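This report concerns only the one structure given below.
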Amino acid sequence: MDFNFTEEQSMLRDTVASYLQDNYDFEKRRKMIGSDAGRDPAIWSAFANELGILGAPFSEDLGGLGGGAIENMIVMEEFGKALVVEPYLGTVVIGGGFLKHSGYAGAADLIGSVIEGKTIFAFAYAEPQARYTWQDLKTTAKKDGAGWVLNGHKAVVVGAPWATHLIVTARTGGGQRDADGVSVFIVEKGAKGVVTRDYPTVDGGRASEAYFENVAVGADALIGVEGKALPLVNKVIDEATAATCAEAVGAMRQLHAGTLDYAKQRKQFGTAIANFQVLQHRMVDMFMNLEQSVSMTYMATIKLSEDDAERAKAVSAAKVQIGKACKFVGQNAIQIHGGMGMTDELAIGHYFKRATLIEGLFGSVDHHLRRYEGLSFDKAA
């Protein structure tokens, strides 16, 4: 697949890569994720004020760089290479996606605040019973005068410890699993009744269990049309899935490159293990999985602007490839390194943990295979 970036997109990639190389090496990252905060806020400030990359996918009218999904893909791939934990996905891709696509009245102001690095979003959508069924909601939002009152529990809200606002899916009508009755709200994290239990994740990030106990919000908290938000949720999650695939590509590039370097240095029987034919074949297979993932990710990103069915099929196809490749590339990188590959001191284990988590993020391989199959049969019918 031939995919050429524009001059501006190449400059964006080089700018992000150069900054991360100088300011986000592995040892600095280890110190950051081991701190109480789990990150360095100065990095986020630099993304906003020095690099301007928080505006990458937003139009120039909103103060952005005039890009879109491809710019998100470029940034996320570079983040994957450096294992960046900053909440770009939740804030720019997901938060920005809801604001751009919903027709929200306050979108311009909030996007401006995102670009400046002042507003950080976390997406509270997952519930313990729901797995990958986004409309399976026990969290409710009930009318209270002109506003709403939210009650419920959201699980593994990634980036919530750092967020200023939560984007919350809640049921405003219908049964627990009905497509109708799904609504989306913006809730200030510091609002009365919002309780979070924060914890580190296995890949070095931070997440929270978020509880909403009679949380009162105004009418302006509603994003999109009341009870009709499921298509919007699906669209934004597809965009987030494509961006996560790009991050996985970046991580797999480092897994493959790190394994090649190690195999050239590690010696057995007086020769580098890179000379063993069976390991050469293994590393070629890792490379092939990586290159297939690149192509599928690019295709999914290009098709994000197409109709719902085509977009969803392309994203699911890419996520299937990414899920399989993350497992194959990650496990073989660890196996070739041996037991030391899983030590905290070696970068390869950290890449493996992130790749393993991405396998199930926004849907497992089995989930996306079923989704692709269902969409294909529906179209054929």
Contact list please: Cβ distance under 8 Å, first residue in segment 100-124 and part of a strand (DSSP E or B), second residue surrounded by fewer than 16 Cβ atoms within 10 Å (Cβ to Cβ), pairs at least six apart or on different chains. 121/164
For segment 191-227, which residues satisfy the criterion of being touching a residue at least 40 places away in the same chain (Cβ under 8 Å), part of a strand (DSSP E or B) and farther than 21 Å from residue 138 by Cβ? 200, 206
Just one listed residue, out of 304, 279, is surrounded by 17 or more Cβ atoms within 10 Å (Cβ to Cβ), within 24 Å of residue 346 (Cβ to Cβ), touching a helix residue (DSSP H, G or I) at 6+ places or on another chain (Cβ under 7 Å) and aliphatic (A, V, I, L, M), and it is 279
From the list 87, 57, which residue is without any contact (Cβ under 8 Å) to a residue 60 or more places away in the chain, surrounded by 17 or more Cβ atoms within 10 Å (Cβ to Cβ) and within 30 Å of residue 218 (Cα to Cα)? 57
Here the residues within segment 14-37 that are touching a residue at least 60 places away in the same chain (Cβ under 8 Å), buried (at least 17 other Cβ atoms within 10 Å of the Cβ) and not aliphatic (A, V, I, L, M) are 24, 29
Tally time: how many residues in segment 271-293 are farther than 16 Å from residue 335 by Cα and either within 34 Å of the chain's Cα centre (by Cα) or not assigned by TED's automatic domain parsing to the domain that holds residue 261 (or both)? 6
Residues (over 13 Å from residue 153 (Cα atoms) and aromatic (Phe, Trp, Tyr)) located in segment 124-139: 132, 134
Within segment 166-186, residues in a strand (DSSP E or B) and surrounded by fewer than 24 Cβ atoms within 10 Å (Cβ to Cβ) come out as 171, 186
Among the residues of segment 134-144, are any in contact with a strand residue (DSSP E or B) (Cβ under 8 Å, 6 or more places away or on another chain), surrounded by 24 or more Cβ atoms within 10 Å (Cβ to Cβ), touching a residue at least 40 places away in the same chain (Cβ under 8 Å) and assigned by TED's automatic domain parsing to the domain that holds residue 169? yes
All helices (runs of 4 or more DSSP H) inside segment 1-75 with 1 or more residues being within 20 Å of residue 94 (Cβ to Cβ): 7-23, 41-46
Quick one: would you say residue 68 is within 17 Å of the chain's Cα centre (by Cα), over 29 Å from residue 152 (Cβ atoms) and of a type in the set (Gly, Ala, Ser)? yes
One residue is enough: does segment 262-273 have a residue meeting the conditions without any contact (Cβ under 8 Å) to a residue 40 or more places away in the chain and at positive phi? yes
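The values are calculated or read from the model by the stated rules, or taken from the named source; none is laboratory data. Remember, predicted model here, so these are calculated numbers, not experimental data. Here the Cβ is made from the backbone with ideal geometry for all residues, glycine too, and neighbour counts use every protein chain on show.
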